[in-house]
């Protein structure tokens with residue numbers, strides 16, 4: 001917690017706070033500042049998982065008292081959550097993609113988009129992806145948000161549902177668009193919860209880099225931009241060079257990286273993590289402050305754009321930019337690669353951000369001042385209506 005880019009506590013204070021956590025106690029400061037980014041887990045040389053010690057206290061409180069009602073709208077296990085609101089209002093071409101993706105029939109090799117890409121299917125409208133099926137949907141969630149909130153019981157159940165689904169499909173090799181899902185499926189569920197998968201999970205970034213190195217992705221345009229990189233909270237848990245991959249891509253296509261002070265292994269969350277604590281319950285002011293702070297960091301770094309390789313970061317930063325008009329432009333790495341390869345990306349981000357914000361104002365804002373709580377349940381399935389009926 002002394003190295004944590006969000007807390008930066010004096011060493012003796014950090015030791016005292018960790019001692020409290022070991023005794024099952026947590027201060028309001030630590031609980032409220034923690035965004036579940038796992039930097040402290042990465043820094044710790046003894047595999048003590050300090051972040052999960054913090055999150056464990058949230059788990060225990062949620063089991064005793066439930067969680068704040070305003071958090072319901074952000075839970076992937078709830079039928080009317082923020083992604084479902086967006087998905088039900090997508091343009092017809094994107095709805096058709098989702099209908100095609102939601103197919104659990106036997107398939108040994110496929111692309112897994114992840115929940116966040118299900119709210120932005122237009123990102124897959126590119127020739128850069130391999131010609132294999134995409135399989136996914138909102139109820140194909142890896143449970144990452146549940147894990148970071150400390151809802152460990154629900155997280156484990158969702159992990160088992162996905163393990164069984166992949167087994168029934170006969171999945172052998174899955175190309176992951178979602179960095180979080182890659183670590184959840186390949187490490188966290190097997191190592192911490194004993195939920196083991198039979199399939200191999202390959203990150204999309206590594207696949208694309210191999211294709212670029214082999215000359216199969218040809219660079220036609222140098223973009224001549226500067227970019228700040230918003231790193232995924234999970235990227236640091238791959239092999240050390242993984243966090244450099246987005247930067248190598250950008251260098252190849254003529255984008256010069258201007259690093260923010262908190263980047264790579266010392267990265268901070270895009271903003272959504274500010275709502276994970278049991279005390280915050282996704283309070284919109286917590287989310288807004290954290291996201292705008294991140295946008296300002298990119299602006300101060302002198303970057304033309306922010307490059308994200310997580311679709312969740314992409315959308316969170318875009319929602320923040322609605323409230324912060326001076327923000328740099330926000331792009332997914334895949335969109336920049338499209339531009340460099342001579343394609344024209346769809347660029348539906350601004351309208352998607354407004355739709356996300358509208359859903360929050362309509363469905364969550366009325367609950368912000370209420371102190372009522374609830375106990376989220378599993379299992380869940382088939383809640384999202386693509387035909388708005």
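The values are calculated or read from the model by the stated rules, or taken from the named source; none is laboratory data. Everything numeric in this text was worked out from a predicted model, so none of it was measured. FYI the Cβ positions are ideal-geometry reconstructions off the backbone, even for glycines, and counts take in every protein chain you see.
Okay, here's what the table says:
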read-out	value
Selection status of residue 200, under 20 Å from the mean Cα position of the chain (by Cα), surrounded by fewer than 21 Cβ atoms within 10 Å (Cβ to Cβ) and either in contact (Cβ under 8 Å) with a residue 12 or more places away in the chain or under 30 Å from residue 297 (Cα atoms) (or both)	no
Where residue 110 falls short, out of the listed (1) farther than 14 Å from residue 377 by Cα; (2) in a helix (DSSP H, G or I); (3) within 21 Å of the chain's Cα centre (by Cα)	(2)
Which numbered condition residue 314 misses (of (1) assigned to a loop (DSSP other than H, G, I, E, B); (2) in contact with a strand residue (DSSP E or B) (Cβ under 7 Å, 6 or more places away or on another chain))	(1)
From 159, 181, residue being crowded, with 22+ Cβ neighbours inside 10 Å, part of a helix (DSSP H, G or I) and touching a strand residue (DSSP E or B) at 6+ places or on another chain (Cβ under 9 Å)	181
Residue match in region 77-96 (condition: in a helix (DSSP H, G or I), touching a strand residue (DSSP E or B) at 6+ places or on another chain (Cβ under 7 Å) and surrounded by 15 or more Cβ atoms within 10 Å (Cβ to Cβ))	no
Members of region 137-149 that are surrounded by fewer than 24 Cβ atoms within 10 Å (Cβ to Cβ) and not in a helix (DSSP H, G or I)	137
Scan of region 325-366 for residues that are modelled with pLDDT under 95, outside any helix (DSSP H, G or I) and more than 21 Å from the chain's Cα centre (by Cα), ordered by number	325, 326
